[in-house]
Structures are given as C-alpha cells and as structure tokens.
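Worksheet: one structure, shown below.
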Amino acid sequence: VVSAALRRPPRHGRGPLLLYVLDVMELPDPVLPQLPALLAPDVPAAGVLVVGNKVDLLPADSRGHLGRLRQQVAAACARAGLRGAALVDVRLVSAKTGFGVEGLVSRLQRSWKCAGDVYLLGATNSGKSTLFNTLLRSDYCKSRAPDIIDRATVSPWPGTTLNLLKFPIINPTCDRIFRRQERLKEEATKTEDQLSSEEKKYLNQLKKQGYFVGRVGRTFQRQKSSSEIDFDPDMLSYSMDEDPRHPPKKHEEREEFTHNEVKDARWCFDTPGIVKEDCVGQFILQVLNLLTEKEVKLVLPSHAIIPRTFILKPGMVLFLAALGRIDYLEGEKPAWFSVLASNLLPVHVTTLGNADAIYEKHAGQEFLKVPMGGEERMKAFPPLIPQDITLKGIGTTEAVADIKLSSAGWVAVTAHAEEELLLRAYTPKGTALVVREPPLLPYISAIRGSRIPGTPAYRTKKPSSFVENLRTTGSR
C-alpha cells in the first residue's frame, strides 16, 4: 500500500516528502534501510525528514540528553544510507504531549516550495497516527480541515491504519508565517499561572503522562457563522390535551472542500505501519506479536517511564515480567542494572539457583503478570532462549550498554571501569535480543535514590516534567 502510493506520478513536479516517524526507544530502527526501496527510481523524493517520537517517555539522565538522542538518531540515519541532501532534517517530538511539534511544523513549512505531498511513514506502533492527529489540529493543515477530515485511529494494536487518511496542507504565505511567529512569541512570554483553568488542567494531565510537554496552538481559526433559529409559531402552539410537536430534524449534510480550496493543495497522508524486517528481508518477530491486546496495553508504555535500578552480584538473576531475563554469571564486583520498561511490568530479582523454579511456577500468573492466562497460555507461548553477552565496564557513573529485550524494554548495565561481566540474556524464541552500544541513556543509573535496606533495589521517583513554549518560573 505504501509503495504504491509513493510511486504515483508527482502532482507538483516533485516527488513526495517522506516524514519518517521512528520510536526512539526502538533504536536501532530496522525500517530505515527499507525507505529507498519504497520509492520509484523515476520519482525522486524531495527528501526524508526523520522524526524521533516518544521522547516524552524517557527521563533526562543528564544535561543535554535530547541533543545526544538526536545525534544517535542522525547516526542511525547515516548507517541506513540517509545523508546529505536525502536527509532533510532530524527532529525529536512527542506526538502525544505535543513537545517539539510547533518546531516540526515550522520546519515542514520551510520545505513547502521544494516538496510535493507529504507521507507519514514508520513501523507499527511508532506513533504515526497520533502525529497525524496532532498535525491535523495545528497550523500545518487548512483551518477547515479538522471539521471535515476523519481522525486516524489510535490503538496499541498494530495495523489499525488500513486506508490512506489525508488532510490538505495550508499554504505558508509570508503573511501567515509572520502571524504564526507573532503568536509563538506571545505564547512564549506566558507562564502557567497566566493560562486558563482549562489549559492548566490539560497541561497537568499531560505532565502526569510525560516528562516533556508542548502546547500545540492554532494561528488561523475558522470563523463559525452564527446559526439562525427557525421560528414557527404554529409548530409551538398546542392545546392543554396535546403533547408539544417538534419539527422534523433536518438532514445535516457532510461538509466538503470546495474545488478552489484543494485544486493546488498538497496533502499530508497517514499510512499503514511498515512491518519490521532485518537486513536480509526476514520478518522480525517482536514480543508484541506474541501478546494479546490486553497484554500489549501492559507492555507498551503509556506514561513516562520511571527507571528502576538494582545492584546485582554474580549469581543473581533479574526478571522483566515473564518476557525477559538477565543472569549475572561471572564478574568480580557488583554491577548496576537499570530497567526502562512500562511501569506496569513487574521486575523481580532472585538467585541463579531459584530462577528456573520461579519461572516455571509463576509464568502466566499474577506474580510475573505478562503473559497472563495460566498454564494454558504458557503452552502456546514460546520458551525463553538464552544468549551470552560479554561486557567491559567503563565506570560507575556511565552505562556500558543496553540489553534490549525485544519490544518489552531494555536494561542499562553499569559496571566498574575495566570490570568484565559475563551475562546471559533470555527472550522468547524467535524475538530479537539487541545489545545497544552506546546506550540510549548512559547516565540513567545516576537517577537512583537511596538503597532500600535488605534488597537489591534503589528508591526511585519520577523526575519533574518540563513544558515547552512557556516561560518558566521559580528556580527550575
């Protein structure tokens, strides 16, 4: 479906601009290398603008962490062959909380004169449909579009976008760009105290869900005409023994764009999610593909991730629900293991001697939570398959690598300098286990609080949220 859409003859003398949405937590992204093959050789694209989504879920492990994330996304693009003129830009956003979206809209508007239509591409569950809906209510689309265009279906279940939804992109004339910049400057001078009670309530709700929040506004509002009331005294008059008579409801016709509104318009298309493949074109089985819809909702983070750090000695084992397991087999000193996964997934630490018995007894039960459904569910669930990993520590303040347990989350490993660790990681048979070097958040173990006496766990709390496009108050 995606390839056929991109191979259409260009309507504006140029091929489409590809707005590729990737989940920053899923780096390295396996779909990036597939982008050149989707385009026809005789229809050159205006370029690819890569959007790293879901930054709202990741805590700031140090100053400048967003800059480091952007560099890692840019490096992934370079490895996939996207560089130079082909790579228009790299942006970090949260389609859900609106962080970075105003900057993305400004960047897209600067590409207006050199691009044709715009296609949102990305792997399943990357957040394309959420971004489509956010752009629909921004300055990027025509002011009448939200009242006419259907919103994209947002669901944790992969493949919910089956048809090409689209909205017309507003022409960013000089006057419109000026008025938009004036609005953004005015809003940037406000503090949270100057917002309406409704805006405050909405922002507080978003701050509970993500670390980075942005306000997406509209400069060009549609002027709604005042509705006229049809007054018919005969219809309103009735005697004491009669019931009131109501006029028959008029059939409301669906609004449509006029020919002049869309004859030269460029369109922004939402597309179905692309199935992840490896470098030889084989389908990559993700943990999400093995789960029921109820289990997927527990595994996919819907709120800001609170990192959970544990100190493990050799001979200890860490379970992430029943979806992943890491054994610390050999090493001279304890090491820190920071879990970044959905807050609804339980983490349990035990000894190597008890690990198999715990999995056998509690997999499918409430103790390990996912999968759920008891023995019958586990009969259909693939067994955990091991993979040995050797790491060398670089210091107690910086993680050496992330052990990515398919799409269930990852564990950042921090060890003493030059300390060699032998680990054994498990994921369900057929799923991808990735050792990510450098780690996504190398200083994540620094967020740990004080040690909980008698346990390998540290007390952690959710760091505070940051609101973009608002003047900050206080000492923050």
Separation of the E187 and T472 label points, Cα + 7 Å toward Cβ, nm: 2.0
Of all accessible heavy-atom area on the range 294-463, the percent that carbon and sulfur account for (1.4 Å): 53
Long pairs among K200/K294; K166/K201; K333/K369; K207/K297; K128/K461; K208/K294, criterion Cα-Cα beyond 28 Å: K200/K294; K166/K201; K333/K369; K128/K461
Modelled label reach - S302, point 7 Å along Cα→Cβ, the range 434-476 residues with backbone N closer than 20 Å: 462
Accessible surface, per residue, of the range 294-463 when the full set of protein chains is kept, probe 1.4 Å, Å²: 42
Rounded to the nearest 10 Å², the accessible area of L440 at probe 1.4 Å: 0
E293 paired with T455, simple spin-label distance in nm, labels 7 Å along Cα-to-beta-carbon: 3.5
Point-to-point label distance, L422-Q205, nm (Cα→Cβ direction, 7 Å offset): 5.4
Computed E for I385/N343 - FRET, C-beta separation, R0 30 angstrom, nearest 0.05: 0.70
Whole-number percent relative contact order across the range 361-465, with pairs defined as alpha carbons under 8 Å at least 6 apart: 23
Centroid-to-centroid separation of the range 60-94 and the range 424-476 [C-alpha atoms, Å]: 20
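The values are calculated or read from the model by the stated rules, or taken from the named source; none is laboratory data. Since the model is a prediction, treat every value here as computed from it, not as a measurement. A quick note on method: Cβ atoms are made from the backbone with ideal geometry, for glycine too, and the neighbour counts reach across all protein chains shown. The area values use the complete protein model at the heavy-atom level, side chains included, leaving out ligands, DNA and RNA. Shrake-Rupley method; radii C 1.70, N 1.55, O 1.52, S 1.80 Å.
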